[in-house]
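Below: one structure, written as structure tokens.
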Amino acid sequence: MDDFSEFVGLSRPTVSKYFNDPNSVRRKTRDIIEAALKQSGFRPNLFAVNLNRRRSNIIGIIIPNSTDPFYMALTRRVELIANSAGFLAFVLSSHGNAEMETRAIETLKSMNVAGAIIAPLGVQSQQETLRLLSTSMPLVFVDSPLDDFSPFVGTNNRQSFKLMVDYLCRSGTPPCYLGMPPVNTNAATRETAYVEAMSFLGMEPIVLAFNKAASWDFEKFGYNETTRIIQNGGFPTTTVLCANDRVAFGAISAAYNLGVKVGRTADCSLRIAGHDDHPLSRYACPPITTVAQSYNEIGRIAMELLLHKLDDGVTDNASDSLPERVLLNAEIILRHSA
């Protein structure tokens, strides 16, 4: 920065003022600096600049899986809104690992980020570490809540499962439930939502037992569990509701390999439904009947909450008013699998 200030012939405070806010200097000064930038190719060290600011212009994002299309779409939405608001989005993945999640949290702290949007691992998360982080910067959690109090934007699982269970019961045999590995709080809340929905309709819930080992390879889990169940006599009903579409991908693949036809037509012997409206669910064979959670809306509202907190200079500590919690209703997407 000193070298560039000397090159442009202006004081360092003036140059620094420009980089903090180009509109804070006179037009003539701005033109001189921008011409010098083109000539010299100089770019300030973004992270060093942000470390020196009282509040940086970096928004942190932590997701559990950078290759999952749901998290990719959610991140893209957050990035676009952040950029339009003058912030740079910096994305880190915990890769489903609690230790890497902790490392990602420490990285955000070291970067002096203005705030963060986090999809926590839930039961594996370092909850106390995240709560401590929330006292120093605004946080909004997405997909699965950290706890019952922290700011959160996600899908209303009770509403979405009631919607799907009602449809499956009206259109065929009541569904049994194939859950998901306990990698975050969605595993427990979705199972509870299924049980409540079945009980509300006067039906007996059937939760399938499975190995509770944590794994983010949902497709493999669905494939292995469905293979095991079919080879041991089959599902207790002809309808299976999966905890998410990725589990349904594996279940449909296993059924196909074992010669069991999946679908809702008369020549099919098994119906399989999912949850989330995964971006690839419409391209499965057969396309998956599911309920849609809007990653665009989750990203938009999460950023609105975070930007509002940044504008107000609010952090989520015990002295704040009740934190915001937004549960979005889902809509059923009827396709050929159920």
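The values are calculated or read from the model by the stated rules, or taken from the named source; none is laboratory data. Here the structure is a predicted model, which is why all the values come from computation and not from measurement. Every residue, glycine as well, gets a Cβ built from its backbone with ideal geometry; the counts of neighbours run over all protein chains shown. Heads up: the accessible areas ignore ligands, DNA and RNA and are worked out on the full protein's heavy atoms, side chains in. Shrake-Rupley method; radii C 1.70, N 1.55, O 1.52, S 1.80 Å.
For region 23-34, the tally of residues that are open to solvent by less than 60 Å² (accessible area, probe 1.4 Å) and either in contact with a Pro (Cβ under 6 Å, 6 or more places away or on another chain) or part of a helix (DSSP H, G or I) (or both) stands at 4.
For region 69-78, the set of residues classified as more than 15 Å from GLU304 (Cβ to Cβ) and crowded, with 19+ Cβ neighbours inside 10 Å consists of PHE70, TYR71, THR75, listed by residue number. Among the residues of this structure, PHE235 counts as one that is among the aromatic types (Phe, Trp, Tyr), over 27 Å from THR67 (Cβ atoms) and in contact with a helix residue (DSSP H, G or I) (Cβ under 9 Å, 6 or more places away or on another chain).
In this entry, SER294 passes the filter for residues that are modelled with pLDDT under 95 and either surrounded by fewer than 21 Cβ atoms within 10 Å (Cβ to Cβ) or basic (Lys, Arg) (or both). The condition of being part of a loop (DSSP other than H, G, I, E, B) and either open to solvent by 40 Å² or more (accessible area, probe 1.4 Å) or of a type in the set (Lys, Arg) (or both) holds for PRO174. Consider region 177-194 and keep the residues that are open to solvent by 40 Å² or more (accessible area, probe 1.4 Å) and within 21 Å of ILE229 (Cβ to Cβ). The one that is modelled with the lowest pLDDT is PRO182. Quick one: in region 100-123, which of the residues that are part of a helix (DSSP H, G or I) and either under 17 Å from LEU88 (Cβ atoms) or among the charged types (D, E, K, R) (or both) is most open to solvent (accessible area, probe 1.4 Å)? Taking the candidates together, the pick is ARG103.
Residues in region 79-99 that are within 22 Å of THR129 (Cβ to Cβ) and open to solvent by less than 50 Å² (accessible area, probe 1.4 Å): ALA89, LEU92, SER93, SER94, GLY96, ALA98. Hey, any hits in region 130-152 for a residue that's among the hydroxyl-bearing types (Ser, Thr, Tyr), open to solvent by less than 20 Å² (accessible area, probe 1.4 Å), within 24 Å of PRO236 (Cβ to Cβ) and in contact (Cβ under 8 Å) with a residue 24 or more places away in the chain? For region 130-152, residues among the hydroxyl-bearing types (Ser, Thr, Tyr), open to solvent by less than 20 Å² (accessible area, probe 1.4 Å), within 24 Å of PRO236 (Cβ to Cβ) and in contact (Cβ under 8 Å) with a residue 24 or more places away in the chain: absent. Of all residues in region 260-284, those that are over 19 Å from ARG190 (Cβ atoms) have Cβ atoms under 6 Å from Cβ atoms of residues that are basic (Lys, Arg) and in a loop (DSSP other than H, G, I, E, B), 6 or more apart or on another chain, in CYS268/LYS261; SER269/LYS261. Apart from one condition, ASN20 fits all of (1) touching a residue at least 12 places away in the same chain (Cβ under 8 Å); (2) of a type outside the set (A, V, I, L, M, F, W, C); (3) open to solvent by less than 70 Å² (accessible area, probe 1.4 Å); the exception is (3).
Of the residues that make up region 126-140, is at least one modelled with pLDDT of 85 or more and in a loop (DSSP other than H, G, I, E, B)?
Yes: one or more hits.
Of all residues in region 195-252, those satisfying the criterion of being open to solvent by 30 Å² or more (accessible area, probe 1.4 Å), touching an Asp or Glu at 6+ places or on another chain (Cβ under 9 Å) and modelled with pLDDT of 95 or more are PHE200, LEU201, PRO205, VAL207, PHE249.
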